[in-house]
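Step one of this worksheet: look at the structure below.
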Amino acid sequence: MQKSGLQILHLYPNHMNLYGDRGNLIAIQHRALERGIPVEVVHAEPEAPISWRDVDLIFMGGGEDSHQARIAEDFLRRAPELTRALEDGVPMLAICGAYQLLGHYYRTVNGDKLPGIGFLDVTTEAGRPRAIGDVVAHTTLDITPRSLVGFENHGGRTFLGTGAVPLATVQLGQGNNGQDRTEGAMHKHAIGTYLHGSLLPKNPHLTDLLIRWAVDRDGNTDLEPIPMDLELKAHDVILSRC
Amino acid sequence: MLRLWIAVFVARLVGMLSRVSGRGGSSLPGIVARRIDPEVLRKLSVRLPKGVVLLTGTNGKTTTAAMAAFLLKAGGLRVVHNRAGANLILGLTATLVQASRCQVYPPADLALLETDEASIPKASEETHPKALMVTNFFRDQLDRYGELSTTVGLVKQGIAAMDADGWLLLNADDPQVAFLGEDYGRVVYFGLDLNGGDLGSLGQHDAVDARFCPRCGKPLVYRTQYYAHLGDYRCGHCGFVRPIPDWVVSEWDRQEGRITIRSARDTVALPIRMPGIYNVYNLLAAVALSGTLGAPLGPMGAQLETFEPAFGRMEKVIIQGHTVWLALVKNPVGFTQVLQAVGDSGGQRPKWALLVINDRYADGQDVSWLWDVDFERVHQAQHIERWWVSGVRAYDMALRLRYAGIPDHKVDVVQNPSDALEHMLHEAKADVPLYIMPTYTALLEIRQYLTQKGYTRHFREG
């Protein structure tokens with residue numbers, strides 16, 4: 001089935017909006033509109049009603065600890081509906097704090113376990129020092145080029161369970177935990193990652209994949225090709241640091 | 001005493017040698033002085049009759065400090081103040097150490113020190129400031145400082161170490177700044193009281209920083225919003241309200257470039273040459289600070305006619321007959337405000353812009369922040385006809401412009417900043433005003449190039 005317009009659900013834009021998270025939405029909108037696909041972005045703050053049936057793509061960013069604490073309860077309350085949507089193949093991009101919340105739990109420095117919804121088979125431990133810097137990684141997704149570039153800035157160390165597939169293998173930077181060279185995790189069409197930068201503007205091939213999944217969950221529809229020259233030049237600046 | 005003496009004079013000698021050898025290095029004398037006598041900053045501060053004033057906050061430090069120092073000097077005080085870039089503890093130390101050529105102690109009544117937020121606890125603990133001013137809190141370079149709440153915490157530590165009779169000067173319009181005054185007795189608030197007519201296209205809000213009550217965490221309600229989260233707010237939940245400012249801008253005539261400032265003592269009309277509402281805040285803060293410290297308000301209007309903006313802060317230079325403005329950009333709110341100011345200045349005339357984006361440590365290595373700058377909303381109103389994009393991350397910037405809806409044919413990418421500047425100067429007609437908006441290290445590069453070419457007077461910068 002193919003849809004004519006896309007509805008993007010942006011979860012907690014006022015709370016979970018670290019540097020440049022907005023850039024990811026701008027990129028999706030831009031590359032969809034260039035192809036004549038109308039886009040509607042729906043913002044949902046805590047307690048806002050969400051019409052899950054109409055959602056074609058979900059985005060959620062990272063937030064300061066105090067902000068994350070304010071939305072955690074609401075997010076967990078929505079776990080059944082969100083999980084159902086993700087199981088149905090609705091694509092989601094979850095960055096940093098949102099990625100951690102898709103996992104089983106985040107264990108703080110004090111040993112408290114802050115629960116997530118457990119859709120991704122990952123767990124996160126607080127760590128020091130923060131992993132900060134450019135990242136170049138090689139993804140297993142079927143997209144061209146295979147490289148993903150971004151900027152990471154996270155204290156948490158995320159470890160993958162047996163049910164999780166890493167988004168990519170790190171060639172520059174720390175990635176999930178600085179130990180196993182994995183970066184991010186995926187299940188169905190949900191992608192969790194630590195990459196900011198903003199991620200999607202300079203990874204147009206990943207942007208297009210998300211749009212393709214959003215347009216047609218079975219992934220059978222090819223998108224009209226549009227230029228990605230400038231996008232890949234920005235991409236190559238970081239790639240060349242590897 | 002001997003130790004202090006040695007520390008001061010050795011440090012000065014090192015500073016002199018480093019300047020002669022062309023290395024600039026404004027923090028080196030600070031390193032040397034503190035190595036010889038770790039108490040040097042404390043000992044020098046104590047001897048200032050009116051003590052030390054610290055000025056901090058995310059944006060506006062340099063311009064506010066420059067204007068306040070200017071007004072205090074015009075008011076008859078002897079003031080030592082630091083240059084932009086020398087605002088970490090080593091820079092503050094170097095500033096006091098080098099204040100005189102032959103005396104040990106600075107021959108000044110007070111030291112006005114622009115201070116990086118992260119250095120506030122230490123600076124305050126060593127100088128016990130007689131006044132501490134906080135301009136605003138915005139997100140700034142998360143890769144260096146971490147979260148905003150960390151910054152607020154650092155400033156709180158600084159407040160705790162102030163002189164017992166010290167004044168805390170706070171921006172009433174920034175909820176997180178105003179909240180710092182809640183448990184403090186001697187607070188002076190400053191803020192704007194402007195109505196829609198003065199604001200024109202402004203008065204809408206941009207997208208980035210959170211606007212939650214600093215006391216209870218619930219969303220704030222705004223009656224007026226000047227930019228970002230600055231405005232007249234209250235919390236419907238716990239009753240936290242914007243404090244009534246002691247120093248108020250009651251009018252802003254954008255065409256004539258004048259503002260009216262009211263205080264309990266007086267009302268004055270002042271010229272403001274620098275465009276943008278953020279410069280209204282900067283001037284207000286400078287007047288509130290110098291007024292609180294005893295500078296007379298009456299003559300300020302005439303005095304300000306001769307004020308020259310600080311290095312790269314809407315600084316005007318003439319190059320080959322072109323009017324060129326240099327305005328540092330370093331975080332989303334600041335960049336958005338500079339763009340608004342560009343739109344404000346020179347009216348409807350077409351303008352050209354050169355954006356130079358680097359990602360070295362001092363610039364912030366994460367360029368994500370460019371995506372939080374409100375190009376979508378502001379680019380329509382700026383009348384920028386042509387964009388030149390340069391620097392290490394020129395392509396990220398060009399992409400940002402493309403995604404903001406600016407057509408590719410209006411954008412030129414030239415990665416080397418001096419080449420970009422030359423191209424722009426070559427192609428621009430003489431009557432087109434040019435605006436250069438560089439990140440920090442890019443500003444230094446541009447400056448060095450202009451100096452080399454003899455386009456500007458030499459200007460030493462950290």
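The values are calculated or read from the model by the stated rules, or taken from the named source; none is laboratory data. Every value quoted in this text rests on a predicted model; they were computed, and no experiment measured them. Note that each Cβ is placed from the backbone with ideal geometry, even for glycine, and that neighbours are counted across all protein chains shown. The area values use the complete protein model at the heavy-atom level, side chains included, leaving out ligands, DNA and RNA. Shrake-Rupley method; radii C 1.70, N 1.55, O 1.52, S 1.80 Å.
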- Message: With a 1.4 Å probe, what is the total accessible area buried between chains A and B, in Å² rounded to the nearest 100?
- Response: 3100
- Among B:Leu443, B:Ser390, B:Val413, the residue whose Cα sits farthest towards the positive end of the charge dipole of the range B:313-452, when +1 is placed on the Cβ of each Lys and Arg and -1 on the Cβ of each Asp and Glu, is B:Leu443
- Residues whose placed amide H lies under 5 Å from that of B:Tyr233, excluding near-sequence neighbours: B:Arg223, B:Arg242
- Separation between Cα centres of the range A:49-117 and the range B:1-76, rounded to whole Å: 49
- Note on the structure: Hits for chain B under the membrane-span-like helix rule (DSSP H, Cα axial span at least 20 Å, Kyte-Doolittle mean at least 0.5) are B:2-20, B:277-292
- Item | C-alpha center-to-center spacing [the range A:137-172, the range B:90-123] in angstrom | 47
- Return, ordered by residue number, the residues of the range A:122-139 whose backbone nitrogen is under 20 Å from a label point located 7 Å along Cα→Cβ of A:Thr169. A:135-139
- Taking the Cβ of A:Leu230 as the centre, find all other residues whose Cβ is under 13 Å away and add up their charges (Lys, Arg: +1; Asp, Glu: -1). -1
- Compute the Cα gyration tensor for chain A, then decide on rounded, prolate or oblate, letting a ≥ b ≥ c be the square roots of its eigenvalues: rounded whenever a/c is under 1.5, prolate when a/b is larger than b/c in the other cases, and oblate in all that remain. oblate
- Item | Volume per residue of the C-alpha convex hull in chain B, rounded to whole Å³ | 138
- Query: Can you pull out the trypsin sites (Lys or Arg not before Pro) in the range B:225-311 that DSSP calls coil and that have at most 13 other Cβ atoms within 10 Å?
  - Reply: B:Arg265
- the protein assembly as shown, accessible area per residue, ligands and nucleic acids excluded (1.4 Å, Å²): 38
- Query: Relative to the Cα centre, what is the charge dipole magnitude of the range A:6-239, using +1 at the beta carbon of each Lys and Arg, -1 at the beta carbon of each Asp and Glu, and rounding to the nearest 20 debye?
  - Reply: 500
- Task: Pop out a list of residues from the range B:397-419 that are at least 50 Å² less accessible with all the protein chains around than in their chain alone; 1.4 Å probe, no ligands or nucleic acids counted.
- Result: B:Leu399, B:Arg402, B:Tyr403
- With the dipole of the range A:101-140 worked out from charges on the C-beta (+1 for Lys and Arg, -1 for Asp and Glu) around the Cα centre, which of A:Ile132, A:Asn110, A:Leu120 lies farthest toward the positive end? A:Asn110
- Query: Under a plain spin-label model, where a point goes 7 Å from the Cα along Cα-to-Cβ, how far apart in nm are B:Leu17 and B:Trp5?
  - Reply: 2.1
- Say R0 is 30 Å: what FRET efficiency, to the nearest 0.05, do B:Asp266 and B:Glu305 get from their beta-carbon distance? 0.95
- Item | About the Cα centre, charge dipole magnitude for the range B:313-452 (Lys/Arg +1, Asp/Glu -1 at Cβ), debye | 260
- Task: Just the number, please: carbon plus sulfur as a percent of the accessible area of the protein assembly as shown, 1.4 Å probe, no ligands or DNA/RNA counted.
- Result: 50
- Note on the structure: Ordered by number, the residues of the range A:99-145 with at least 30 Å² less accessible area in the assembly than alone (1.4 Å probe) are A:Ile132
- Query: Which value, in Å³ per residue, describes the convex hull spanned by the Cα atoms of the range B:313-452?
  - Reply: 95
- Item | Centre separation in Å (Cα based) which lies between the range B:171-185 and the range B:282-325 | 26
- Unit charges on C-beta of K, R, D, E only; dipole of the protein assembly as shown, Debye: 2360
- Task: Evaluate peptide A:18-31: per residue, the Cβ atoms of other protein chains within 10 Å of its Cβ; return the mean as an integer.
- Result: 5
- Contact order normalised by residue count of the range A:6-239, Cα under 8 Å, 6+ apart, percent: 20
- Selection of trypsin sites (Lys or Arg not before Pro), the range B:284-372, meeting DSSP coil and at most 16 other Cβ within 10 Å: B:Arg360
- Taking GluC sites (Glu not before Pro) as exposed when DSSP calls them loop (any state but H, G, I, E, B) and at most 14 other Cβ atoms lie within 10 Å, what is the longest stretch of chain B free of them, the sites themselves excluded? B:306-462
